[in-house]
Structure formats: C-alpha cells, structure tokens
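The values are calculated or read from the model by the stated rules, or taken from the named source; none is laboratory data. Just so we're clear, the structure is a prediction, and the values are computed from it rather than from any experiment. Neighbour counts are summed over all protein chains in view; Cβ atoms, including those assigned to glycine, are modelled from backbone coordinates with ideal geometry.
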Amino acid sequence: MSNTKVDAAAAQWLIELETADRIEQLWPDFQVWLAQDPRHRAAFLRVEEAGRRLDALRYLRPSGKAVNPDLLSEMLDASERRRAPWVDRCIRWVSGTASSLLSTARALRAEGQKRVSRDEGKPPSSP
C-alpha cells in the first residue's frame with residue numbers, strides 16, 4: 001500500500017472513530033489494521049496530530065476583531081526587515097502540513113464518493 005493510501009486510510013479511521021456512535025464495534029477492526037503494518041500506526045499518529053494542531057488554530061483568531069488578511073505580508077515584508085529564522089521554519093511547516101492535509105482530504109473525498117456510489121443507502125463499513 002502506498003504512503004498516500006496509508007495516510008488516506010489513517011484519516012478515514014480517525015474520522016470513523018471520532019464520529020462512531022459505538023466505538024467498541026470498530027475498535028477490534030482498528031486494532032487489526034494497526035497491527036498489519038508499522039506504517040499504519042505511524043500514519044494514524046501523524047493524522048491525529050495534524051488534526052489536533054488544526055483544532056488549535058481556531059483559538060488563534062482574535063475574538064471579536066476583524067481578521068487582517070494582509071497580516072502576514074505586513075509582518076514578513078523582506079524589503080523592510082530581515083525575517084527571523086523561525087519564521088521561515090513556521091512557513092515551511094504550515095505549507096507542508098496544509099499540503100498533506102489537502103492531499104488527505106482529496107483522497108478521503110474520492111474514497112467517500114466511491115463508497116456513496118457503490119453502497120447507496122448502506123451504512124459505512126470499516127476500511
């Protein structure tokens with residue numbers, strides 16, 4: 001299984017576990033999936049951590065204030081001042097995380113569309 005497929009499966013498991021009415025029914029299958037390949041556990045942990053970090057972003061928005069769409073460009077204007085090295089690391093991390101999440105979301109959407117067309121009216125099954 002390719003890394004993209006492993007990441008997509010991990011994201012699907014995370015969604016199913018977080019939205020399941022009765023997690024104890026999914027848990028044995030999830031444990032089997034984790035044990036099948038060390039990449040499964042690593043991918044699940046990455047997806048879970050990315051979700052936690054994205055959830056934390058909602059608290060960074062100023063409460064009751066308008067969002068400044070030019071904030072980063074004002075802060076990072078290289079012509080006015082030199083950027084601190086940590087800013088470049090943050091930009092690379094955000095770009096990489098966003099890219100990974102978009103790829104995973106696209107894969108999940110495609111998988112969901114396949115399931116819907118294949119299983120019209122059936123409840124979702126575990127991956």
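Counting the residues of the stretch 1-33 that are over 19 Å from A107 (Cβ atoms) and without any contact (Cβ under 8 Å) to a residue 12 or more places away in the chain gives 10. Take the stretch 1-49 and flag every residue that is more than 24 Å from A98 (Cβ to Cβ), small (G, A, S) and in a helix (DSSP H, G or I). A35 - this is the single residue of the stretch 1-49 that is more than 24 Å from A98 (Cβ to Cβ), small (G, A, S) and in a helix (DSSP H, G or I). Reported count of residues in the stretch 1-20, each being surrounded by fewer than 15 Cβ atoms within 10 Å (Cβ to Cβ) and within 14 Å of Q31 (Cβ to Cβ), is 0.
Among residues of the stretch 90-117 that are within 18 Å of E49 (Cα to Cα), those with a beta-carbon under 6 Å from a residue that is modelled with pLDDT of 80 or more and not hydrophobic (A, V, I, L, M, F, W, C) at least six positions away or on a different chain give the pairs T104/D7.
Every residue in the stretch 50-71 that is part of a helix (DSSP H, G or I) and either modelled with pLDDT of 70 or more or within 16 Å of C90 (Cα to Cα) (or both), please. If the condition is that a residue be part of a helix (DSSP H, G or I) and either modelled with pLDDT of 70 or more or within 16 Å of C90 (Cα to Cα) (or both), then A50, G51, R52, R53, L54, D55, A56, L57, L60, L71 are the ones that fit.
Taking the stretch 34-52 as the range and being acidic (D, E) and free of Cβ contacts under 8 Å to residues at least 12 places away in the same chain as the test, only E49 passes.
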